[in-house]
Amino acid sequence: MKPAFEFLLIFVLLGAFVSYLRITERRLLFYPDRHIDFTPRHIGLDYQEVFLKTSDQVDIFAWFVPCAQAEWTVLICHGNAGNISHRLEKINFFHNLGCNVLIFDYRGYGLSQGKPSEKGFYRDVRSAYSYLVERGVSQERIVGFGESVGGAVIIDLAVEHKLGALIVESTFSDFRDMVRLFYRYLPHWLFSSRFDSLSKVKRIDCPKLFIHSRNDEIVPYQLGKKLYESAASPKEFLEVRGGHNSCFFESEELLKQRVGEFLTGLLGQKDANN
């Protein structure tokens, strides 16, 4: 009976360890902030507060920031920390490029209901996309933008829903690759999250711009480049400088130029096809 008891004990301990990881995984991955510190009005922009209803009946909080005579509407999926009130620089960036902006908080973030989860994030972005379409925004005029884990969220949307273009910043290939780098002694299957952008990006045919810094200390440059190399054409890669959370500021002028050129090029392609 002793070997059987030892096997049972190992099985129970392993099960307890996996359960512990699954419970703590949310705390390791998601860092939501419930407090809205700023609004677009702090930077002189008019906006509309919107509550979206997801397919599983969760209320999601969002801002729609209009821009006069906008050619594009940018759907922003932010990273895994803070909330939309900490993304005013991204809102202002795209507004200055002549775009409408819709930015939303994932479930459990800001004023959105619920608890963060990978599947929940995918439902959240679909409710934001549906809102834009119902508002009358043409699918071909929606540009999806995702930063860090938000890149995985917008990539998941783009697999099944039409976008005019896709822009991702500081985004990893998939969660398994992150586990191998940072938790190298743990098998990736211990974690429930997948965020498998690597397999999905191969099936997205809209124009794509990948942005990554070689100095990124959180999402290694090699994983951003791996994601780009796996993507279907048409695609572009822009290397910037700065850390994971600072590259947008340190490379602001370069980003204005290249993202502006990318959007202008999209208009040229559409004119040529018409």
>> Could you compute the net charge surrounding ASP205? Neighbours are other residues with a C-beta less than 13 Å from the C-beta of ASP205; K and R count +1, D and E count -1.
In response: +4
> Whose amide H sits under 5 Å from the amide H of LEU52, counting only residues 5 or more places off or on another chain, with H placed in the peptide plane?
Replying inline: ILE60, PHE61, ALA62
> Under a 5 Å amide H to amide H cut-off, with H placed in plane at 1.01 Å, what residues pair with LEU209 once short-range neighbours are removed?
Replying inline: LEU166, ILE167, VAL168, GLU236
>> Can you list residues from other chains, or at least 5 along the same chain, whose modelled amide H is less than 5 Å from the amide H of SER117?
In response: none
> lysines within cross-link reach of LYS202: Cα-Cα under 21 Å, excluding same-chain residues under 8 positions apart?
Replying inline: LYS119, LYS162, LYS225, LYS226, LYS235
> Which ordering of GLU239, GLU160 is given by a fewest-first count of other beta-carbon atoms within 10 Å?
Replying inline: GLU160, GLU239
> In the calculated pair distance distribution of region 26-70, what percentage of Cα-Cα distances lie above 11 Å?
Replying inline: 77
>> Sort 56-63, 101-108 by the packing proxy (mean of other Cβ within 10 Å over each peptide's residues), most packed first.
In response: 101-108, 56-63
> Ordered by residue, what ³J(HN,Hα) values in Hz, to whole numbers, does region 105-110 give under the Karplus form 6.51 cos²θ - 1.76 cosθ + 1.60, where θ = phi - 60° and Gly and Pro are x?
Replying inline: 9, 4, 4, x, 10, x
> Gap in Å between the Cα centre of region 98-157 and the Cα centre of region 199-231?
Replying inline: 19
> In nm, what is the difference between 0.36 nm times the number of residues separating ASN245 and SER130 and their Cα-Cα distance?
Replying inline: 38.5 nm
> With N residues in region 72-168, what two-decimal value do you get for its Cα radius of gyration over 2.2 N^0.38 Å?
Replying inline: 0.98
> Ranked by Cβ crowding within 10 angstrom, fewest neighbours first, how are CYS67, CYS77 ordered?
Replying inline: CYS67, CYS77
> Among THR73, THR264, what is the fewest-to-most ranking by other Cβ atoms within 10 Å?
Replying inline: THR264, THR73
> When the Karplus curve 6.51 cos²θ - 1.76 cosθ + 1.60 is applied with θ = phi - 60°, which whole-Hz ³J(HN,Hα) does each residue of region 92-101 get, with x for Gly and Pro?
Replying inline: 5, 4, 6, 4, 5, 8, x, 10, 5, 9
>> Need one number: the % of Cα-Cα pairs in region 32-273 sitting beyond the 32 Å mark.
In response: 13
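Every number here is computed from the coordinates shown, using simple stated rules; none is lab data. Not measured: the values here are computed from a predicted model. Please note: Cβ atoms are built from the backbone with ideal geometry, for glycine as well, and neighbour counts cover all protein chains shown.
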